[in-house]
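The values are calculated or read from the model by the stated rules, or taken from the named source; none is laboratory data. As the structure is a prediction and not an experimental result, all values here were calculated from the model. With ideal geometry, Cβ positions are generated from the backbone for all residues, glycine too; neighbour counts draw on all protein chains shown.
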Amino acid sequence: MELSEFDYELDEDLIAQRPVRPRHESKLFFLGRDEKKHMVFKEIPSLLKEGDLLIKNRSKVMPAKLKGRKDTGGRIEVLFNRPVEEGWECLIKGNNIRTGRSVVIQGKEFEIIGDKDEGLFVLDIAHEEAVELMESHGKMPTPPYIKKEIEADEEYQTVYAEKEGSVAAPTAGFHFTEELLENIKSKGVEIHDITLHVGPGTFLPVNEEIVEEHEMGEEYFEVGEKTARAINEANQEGRRVILVGTTTVRAVESAARDGKVYSKKGWTDLFIYPGYEFQSGMDILLTNFHLPRSTLIMLVSAFAGRERILAAYEEAVERGYRFYSFGDAMMIEGR
């Protein structure tokens with residue numbers, strides 16, 4: 001399968017630079033099996049029914065981006081990703097970054113003691129010190145296509161974010177407000193959570209021309225016993241399972257096998273692209289509009305069909321939908 005099969009054209013003015021306020025006023029493209037609807041997100045309760053199961057990702061974005069310099073004086077940008085045994089794994093942007101060099105962040109010098117692919121390095125820094133630096137001086141690590149500084153950190157968090165650990169937000173959840181979630185609950189929809197901490201791979205392009213040769217970075221996830229049981233019961237009873245976002249899909253699928261979801265936590269590098277056989281019994285995916293040639297549009301295509309998704313994207317462009325992290329939403333029924 002070739003990377004070009006997941007390409008499409010998009011004018012830059014359709015890339016959302018700010019979230020809609022209030023959040024639930026964003027557009028919603030409902031792509032059903034037999035119908036399409038163009039709606040406002042706050043109308044989503046009309047698409048839900050009693051007994052539906054809604055699963056969302058409660059991961060919270062860390063203020064992980066910090067400015068610094070090399071020991072030679074050149075400017076760098078450091079994105080703290082995750083603690084590892086030797087220190088912290090970081091994405092470091094700058095020239096001539098390599099193991100053995102030192103970087104200076106807020107007047108403190110740290111050695112680069114290891115390197116990985118795609119600009120990832122290991123800094124010799126204690127866990128507590130990294131957390132303190134982020135809390136004191138860190139900025140929210142918004143994607144590179146967002147050209148303007150966000151006005152407040154809360155703009156780049158879901159209203160239900162709880163467990164800190166991501167370097168990018170699970171953006172499908174941006175459209176929910178507290179009020180809307182209460183309206184959904186009052187309709188008899190059951191809501192549960194998973195956790196998947198989004199890693200820097202979300203910022204990195206797919207460089208392999210053959211899709212199957214791409215390797216996903218590892219991300220930490222947790223699917224609890226209560227959530228796993230709720231999904232299995234809904235599947236057994238014929239109730240719909242609705243997953244909010246591609247991160248939720250990857251977590252739930254990483255905990256599933258043979259048509260059943262299990263309580264599980266750990267690291268996943270699951271790569272979902274067309275031909276993948278879903279195991280969790282998911283019926284509906286709620287998601288945003290994704291970058292061309294990205295692993296995210298591949299996942300959505302695996303669930304709904306590549307031609308169907310690309311046709312829907314073309315229609316969304318014609319209707320002026322807003323794209324990417326701060327953009328509008330899609331609610332997609334599987335094939």
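Listed values, structure above:
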{"item": "Flag for residue 58 being surrounded by fewer than 21 Cβ atoms within 10 Å (Cβ to Cβ) and either more than 30 Å from residue 194 (Cβ to Cβ) or in contact with a His (Cβ under 7 Å, 6 or more places away or on another chain) (or both)", "result": "no"}
{"item": "Residues located in the range 85-109, provided they are of a type in the set (Val, Ile, Thr) and in a strand (DSSP E or B)", "result": "92, 103, 104, 105"}
{"item": "Matching option when the condition is out of contact with any Cys (no Cβ under 9 Å at 6 or more places or on another chain) and loosely packed, with under 13 Cβ neighbours inside 10 Å, among 86, 111", "result": "86"}
{"item": "Residue under evaluation residue 154, criteria (1) surrounded by 18 or more Cβ atoms within 10 Å (Cβ to Cβ); (2) part of a helix (DSSP H, G or I); (3) charged (D, E, K, R), criterion not met", "result": "(1)"}
{"item": "Checking residue 196 against (1) farther than 26 Å from residue 17 by Cβ; (2) modelled with pLDDT of 95 or more, the condition it does not meet", "result": "(1)"}
{"item": "From 173, 201, 188, residue being within 17 Å of the chain's Cα centre (by Cα), of a type outside the set (D, E, K, R) and either surrounded by fewer than 16 Cβ atoms within 10 Å (Cβ to Cβ) or at pLDDT below 95 (or both)", "result": "201"}
{"item": "Per-region count, the range 12-29, residues touching a Phe, Trp or Tyr at 6+ places or on another chain (Cβ under 9 Å), more than 12 Å from residue 146 (Cα to Cα) and part of a loop (DSSP other than H, G, I, E, B)", "result": "2"}
{"item": "Residue 24 over 22 Å from the mean Cα position of the chain (by Cα) and in the same structural domain as residue 235 (by TED's automatic domain parsing)", "result": "no"}
{"item": "Residues within the range 283-335 that are basic (Lys, Arg) and either without any contact (Cβ under 8 Å) to a residue 40 or more places away in the chain or under 18 Å from residue 19 (Cβ atoms) (or both), tallied", "result": "1"}
{"item": "Single unsatisfied condition, residue 82 versus (1) more than 17 Å from residue 204 (Cβ to Cβ); (2) of a type in the set (Lys, Arg); (3) in a strand (DSSP E or B)", "result": "(1)"}
{"item": "All positions within the range 144-195 that are in contact with an Asp or Glu (Cβ under 6 Å, 6 or more places away or on another chain) and over 25 Å from residue 233 (Cα atoms)", "result": "159"}
{"item": "Residues located in the range 27-46, provided they are more than 19 Å from the chain's Cα centre (by Cα) and aliphatic (A, V, I, L, M)", "result": "31, 39, 40, 44"}
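Here's the yes/no breakdown for (1) on the phi < 0 side of the Ramachandran plot; (2) surrounded by fewer than 21 Cβ atoms within 10 Å (Cβ to Cβ); (3) at pLDDT 95 or above; (4) among the basic types (Lys, Arg):
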residue: 218; (1), (2), (3), (4): yes, yes, no, no
residue: 258; (1), (2), (3), (4): no, yes, no, no
residue: 266; (1), (2), (3), (4): no, yes, yes, no
residue: 273; (1), (2), (3), (4): yes, yes, yes, no
residue: 281; (1), (2), (3), (4): no, yes, yes, no
residue: 288; (1), (2), (3), (4): yes, no, yes, no
residue: 305; (1), (2), (3), (4): no, yes, yes, no
